[in-house]
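Working notes for the structure below.
The values are calculated or read from the model by the stated rules, or taken from the named source; none is laboratory data. Just so we're clear, the structure is a prediction, and the values are computed from it rather than from any experiment. Neighbour counts run over all protein chains shown; Cβ positions are idealised from the backbone, glycine included.
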Amino acid sequence: MKKYAWIVLILFCCAWKNPDTRGTLKVRVYGLRNASGFARVSLYNKPDTFLQEKGALWTTIAAIYGNEAVIVFKDTPAGGYAVAVLHDENANAKMDYNWLGIPAEGYGFSRVHAPVIAKPSFVECKLTVEAGKELTTLVMVGY
(Lines give C-alpha, C1' and ligand atoms only; values in the text may rest on other atoms or scores of the structure.)
Protein backbone atom coordinates (compact mmCIF):
# COMPACT_ATOMS: atom_id res chain seq x y z
CA MET A 1 0.00 0.00 0.00
CA LYS A 2 2.89 2.33 0.81
CA LYS A 3 4.21 1.75 -2.71
CA TYR A 4 0.93 2.94 -4.23
CA ALA A 5 0.83 6.03 -2.01
CA TRP A 6 4.29 7.04 -3.26
CA ILE A 7 3.25 6.52 -6.89
CA VAL A 8 0.13 8.66 -6.39
CA LEU A 9 2.21 11.34 -4.66
CA ILE A 10 4.77 11.39 -7.49
CA LEU A 11 2.05 11.56 -10.16
CA PHE A 12 0.30 14.36 -8.27
CA CYS A 13 3.54 16.37 -8.03
CA CYS A 14 4.32 15.86 -11.72
CA ALA A 15 0.82 16.94 -12.73
CA TRP A 16 0.87 20.04 -10.50
CA LYS A 17 1.65 23.11 -12.60
CA ASN A 18 3.54 26.12 -11.44
CA PRO A 19 1.53 29.32 -11.68
CA ASP A 20 1.74 30.82 -15.16
CA THR A 21 4.55 33.38 -15.20
CA ARG A 22 4.10 34.48 -18.80
CA GLY A 23 1.73 36.78 -20.59
CA THR A 24 1.08 38.05 -24.10
CA LEU A 25 1.94 41.47 -25.48
CA LYS A 26 0.07 42.56 -28.61
CA VAL A 27 1.46 45.65 -30.38
CA ARG A 28 -0.87 47.44 -32.80
CA VAL A 29 1.05 49.88 -34.99
CA TYR A 30 -0.92 52.60 -36.76
CA GLY A 31 -0.28 55.81 -38.67
CA LEU A 32 2.03 54.20 -41.22
CA ARG A 33 2.08 56.39 -44.33
CA ASN A 34 2.21 53.49 -46.79
CA ALA A 35 2.53 49.70 -46.98
CA SER A 36 6.13 49.73 -48.24
CA GLY A 37 8.68 47.68 -46.36
CA PHE A 38 7.97 46.39 -42.87
CA ALA A 39 7.11 47.47 -39.37
CA ARG A 40 10.17 46.55 -37.31
CA VAL A 41 9.22 46.16 -33.65
CA SER A 42 11.79 45.90 -30.86
CA LEU A 43 11.00 44.88 -27.30
CA TYR A 44 13.33 46.08 -24.53
CA ASN A 45 13.41 44.96 -20.91
CA LYS A 46 16.35 46.97 -19.52
CA PRO A 47 16.69 50.75 -19.22
CA ASP A 48 20.44 50.67 -19.89
CA THR A 49 20.02 48.94 -23.28
CA PHE A 50 16.90 50.83 -24.41
CA LEU A 51 17.23 51.98 -28.04
CA GLN A 52 20.73 50.57 -28.39
CA GLU A 53 21.38 48.75 -31.65
CA LYS A 54 21.81 45.33 -30.05
CA GLY A 55 20.00 46.08 -26.80
CA ALA A 56 16.57 44.67 -27.66
CA LEU A 57 15.37 41.50 -25.99
CA TRP A 58 13.44 40.64 -29.18
CA THR A 59 13.10 42.29 -32.56
CA THR A 60 10.67 41.13 -35.20
CA ILE A 61 9.15 42.43 -38.41
CA ALA A 62 5.54 42.45 -39.53
CA ALA A 63 3.85 43.01 -42.85
CA ILE A 64 1.86 46.20 -43.20
CA TYR A 65 -1.80 45.98 -44.20
CA GLY A 66 -3.37 49.30 -45.11
CA ASN A 67 -1.67 51.65 -42.70
CA GLU A 68 -1.40 49.21 -39.78
CA ALA A 69 0.60 46.24 -38.53
CA VAL A 70 0.06 43.88 -35.61
CA ILE A 71 2.76 41.99 -33.77
CA VAL A 72 2.09 39.50 -30.97
CA PHE A 73 4.77 38.53 -28.46
CA LYS A 74 3.43 35.29 -26.93
CA ASP A 75 4.87 33.67 -23.81
CA THR A 76 6.47 36.92 -22.69
CA PRO A 77 7.82 36.65 -19.14
CA ALA A 78 5.89 38.89 -16.76
CA GLY A 79 7.65 42.20 -16.20
CA GLY A 80 8.36 45.66 -17.57
CA TYR A 81 8.99 46.31 -21.25
CA ALA A 82 9.30 49.20 -23.67
CA VAL A 83 8.45 49.01 -27.37
CA ALA A 84 10.13 50.87 -30.23
CA VAL A 85 8.78 50.72 -33.78
CA LEU A 86 10.50 51.62 -37.04
CA HIS A 87 8.66 51.84 -40.36
CA ASP A 88 11.50 50.35 -42.39
CA GLU A 89 10.18 51.50 -45.76
CA ASN A 90 13.15 50.28 -47.79
CA ALA A 91 13.56 47.05 -45.76
CA ASN A 92 17.25 47.65 -45.04
CA ALA A 93 16.90 46.81 -41.30
CA LYS A 94 18.03 50.22 -40.06
CA MET A 95 16.79 53.76 -39.53
CA ASP A 96 17.62 56.03 -42.45
CA TYR A 97 18.32 59.75 -42.03
CA ASN A 98 18.20 62.69 -44.42
CA TRP A 99 21.19 64.98 -45.04
CA LEU A 100 20.30 67.03 -41.94
CA GLY A 101 20.42 63.94 -39.70
CA ILE A 102 16.64 63.86 -39.28
CA PRO A 103 14.97 60.42 -39.49
CA ALA A 104 13.67 59.77 -43.00
CA GLU A 105 11.50 56.84 -41.89
CA GLY A 106 8.67 56.71 -39.39
CA TYR A 107 9.10 55.68 -35.77
CA GLY A 108 7.08 55.39 -32.59
CA PHE A 109 7.20 54.17 -29.00
CA SER A 110 4.87 52.55 -26.51
CA ARG A 111 2.98 55.02 -24.29
CA VAL A 112 4.25 58.00 -26.34
CA HIS A 113 1.28 59.25 -28.34
CA ALA A 114 2.94 61.84 -30.54
CA PRO A 115 6.12 61.93 -32.57
CA VAL A 116 9.01 63.12 -30.45
CA ILE A 117 12.12 65.13 -31.22
CA ALA A 118 14.26 63.70 -28.42
CA LYS A 119 14.45 59.99 -27.64
CA PRO A 120 12.11 59.02 -24.80
CA SER A 121 13.36 57.13 -21.76
CA PHE A 122 12.63 53.52 -20.92
CA VAL A 123 10.47 54.69 -17.99
CA GLU A 124 8.34 56.90 -20.28
CA CYS A 125 7.68 53.94 -22.58
CA LYS A 126 7.40 51.18 -19.98
CA LEU A 127 4.50 48.70 -20.09
CA THR A 128 3.86 45.92 -17.60
CA VAL A 129 3.05 42.44 -18.86
CA GLU A 130 1.17 40.42 -16.24
CA ALA A 131 1.28 36.65 -15.90
CA GLY A 132 -1.60 34.87 -17.61
CA LYS A 133 -2.94 38.04 -19.25
CA GLU A 134 -2.84 39.73 -22.65
CA LEU A 135 -1.84 43.37 -22.90
CA THR A 136 -2.58 45.32 -26.08
CA THR A 137 -0.73 48.55 -26.73
CA LEU A 138 -1.12 51.05 -29.56
CA VAL A 139 1.94 52.64 -31.11
CA MET A 140 1.47 55.64 -33.38
CA VAL A 141 4.18 56.11 -35.98
CA GLY A 142 5.26 59.65 -36.77
CA TYR A 143 7.44 61.00 -39.57
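Quick notes on this structure:
- Test for VAL85: is it closer than 21 Å to GLU124 by Cα, β-branched (Val, Ile, Thr), surrounded by 15 or more Cβ atoms within 10 Å (Cβ to Cβ) and at pLDDT 95 or above: yes
- Of all residues in segment 32-43 being among the polar types (S, T, N, Q) and part of a loop (DSSP other than H, G, I, E, B), the one that is surrounded by the fewest Cβ atoms within 10 Å (Cβ to Cβ): ASN34
A quick yes/no check of all residues on (1) of a type in the set (Asp, Glu); (2) under 15 Å from the mean Cα position of the chain (by Cα); (3) not in a helix (DSSP H, G or I):
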position: GLY55; (1), (2), (3): no, yes, yes
position: VAL70; (1), (2), (3): no, yes, yes
position: ASP75; (1), (2), (3): yes, yes, yes
position: ALA82; (1), (2), (3): no, yes, yes
position: ALA91; (1), (2), (3): no, no, yes
position: TRP99; (1), (2), (3): no, no, yes
position: GLY108; (1), (2), (3): no, yes, yes
position: THR128; (1), (2), (3): no, yes, yes
position: THR136; (1), (2), (3): no, yes, yes
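- Within segment 29-50, the set of residues being polar (S, T, N, Q) and touching a Gly at 6+ places or on another chain (Cβ under 7 Å) comprises ASN45, THR49.
- Residues of segment 92-143 that turn out to be of a type in the set (A, V, I, L, M), loosely packed, with under 13 Cβ neighbours inside 10 Å and at pLDDT 95 or above, as a count: 1
Residue-wise test of (1) surrounded by 19 or more Cβ atoms within 10 Å (Cβ to Cβ); (2) in contact with a strand residue (DSSP E or B) (Cβ under 7 Å, 6 or more places away or on another chain); (3) at positive phi.
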residue	(1), (2), (3)
ASN45	yes, yes, no
GLU53	no, no, no
ALA56	yes, yes, no
VAL70	no, yes, no
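- Looking only at segment 29-50, residues that are under 21 Å from PRO77 (Cβ atoms) and not small (Gly, Ala, Ser) come to 9 in all.
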